[in-house]
1. Within the range 64-106, how many residues are surrounded by fewer than 15 Cβ atoms within 10 Å (Cβ to Cβ), of a type in the set (Lys, Arg) and not in a strand (DSSP E or B)?
2. Please go through the range 103-141 and pick out each residue that is of a type outside the set (Ser, Thr, Tyr) and free of Cβ contacts under 8 Å to residues at least 12 places away in the same chain.
3. Which of the numbered conditions does Lys89 fail, given that it passes all the others? Conditions: (1) at pLDDT below 95; (2) outside the structural domain of Leu136 (by TED's automatic domain parsing); (3) of a type in the set (Lys, Arg).
4. Quick one: is Glu133 among the charged types (D, E, K, R), over 21 Å from the mean Cα position of the chain (by Cα) and closer than 22 Å to Tyr20 by Cβ?
5. What is the number of the single condition among (1) in a loop (DSSP other than H, G, I, E, B); (2) modelled with pLDDT under 95 that Glu59 does not meet?
6. When only residues in the range 27-55 that are of a type in the set (Asp, Glu) and either modelled with pLDDT of 95 or more or surrounded by 14 or more Cβ atoms within 10 Å (Cβ to Cβ) (or both) count, which is farthest from Lys6 (Cα to Cα)?
7. So which of Ala122, Ala140 is modelled with pLDDT of 95 or more, more than 16 Å from the chain's Cα centre (by Cα) and surrounded by fewer than 16 Cβ atoms within 10 Å (Cβ to Cβ)?
8. Please determine whether any residue of the range 56-63 is among the charged types (D, E, K, R), assigned by TED's automatic domain parsing to the domain that holds Leu22 and either touching a Ser or Thr at 6+ places or on another chain (Cβ under 6 Å) or exposed (fewer than 12 other Cβ atoms within 10 Å of the Cβ) (or both).
Amino acid sequence: MTTEEKIEELLENHFKDTEYFLVDVVSKANRFEVYIDGDTNIQIDKCVEVSRFLEEALESGGYVRDNYLLEVSSPGMTNPIKVMRQYKKYIGRQLDILLKDGTRKEGLLKEVNDEEVTLEIAVKIGKKKKDIELRLVNIAFEDMKVAKRKITF
């Protein structure tokens, strides 16, 4: 079992029946970046707790060498959405989705299921700026290249 697989296994068990979940594990040589999230928000204290938990488990199990770097953080607002629970968390928020064919869809995430997301998008129907219509568009996960939360102020 690789260190990445062990991290995934440890956190799957650690987060079982909680509001927290693993988003991604990225490794580069002896550096491990672990991204965790929660169904609501995640606080820095939770990242510290998970970091300490992983350090102890990985070191005692011999999964890391002496010189390694472990970083545990939230995925951040500009990183791509990776797991289903993130999509569910973002219902009611604006998404920016890049499709595999190069087109982009931006809209309000209304629904998500195992196969697709439903966005409410504004479609221009006339010549005036105010001439728009809101439409629901289903986008299959298999057609998506990258989905990100759109940050609006």
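The values are calculated or read from the model by the stated rules, or taken from the named source; none is laboratory data. Keep in mind the model is a prediction, meaning the values are calculated, not measured. Positions of Cβ are generated from backbone atoms using ideal geometry, with glycine treated the same way; all protein chains shown enter the neighbour counts.
1. Adding up the residues that qualify gives 4.
2. Arg104, Asn113, Lys124, Ile125, Gly126, Lys127, Lys128, Lys129, Lys130, Asp131, Ile132, Glu133
3. For Lys89, the failing item is (2).
4. Against the criterion (among the charged types (D, E, K, R), over 21 Å from the mean Cα position of the chain (by Cα) and closer than 22 Å to Tyr20 by Cβ), Glu133 does not qualify.
5. Of (1) in a loop (DSSP other than H, G, I, E, B); (2) modelled with pLDDT under 95, only one is false for Glu59: (1).
6. Asp45
7. Answer to the selection: Ala140.
8. Yes, the range 56-63 contains at least one residue that is among the charged types (D, E, K, R), assigned by TED's automatic domain parsing to the domain that holds Leu22 and either touching a Ser or Thr at 6+ places or on another chain (Cβ under 6 Å) or exposed (fewer than 12 other Cβ atoms within 10 Å of the Cβ) (or both).
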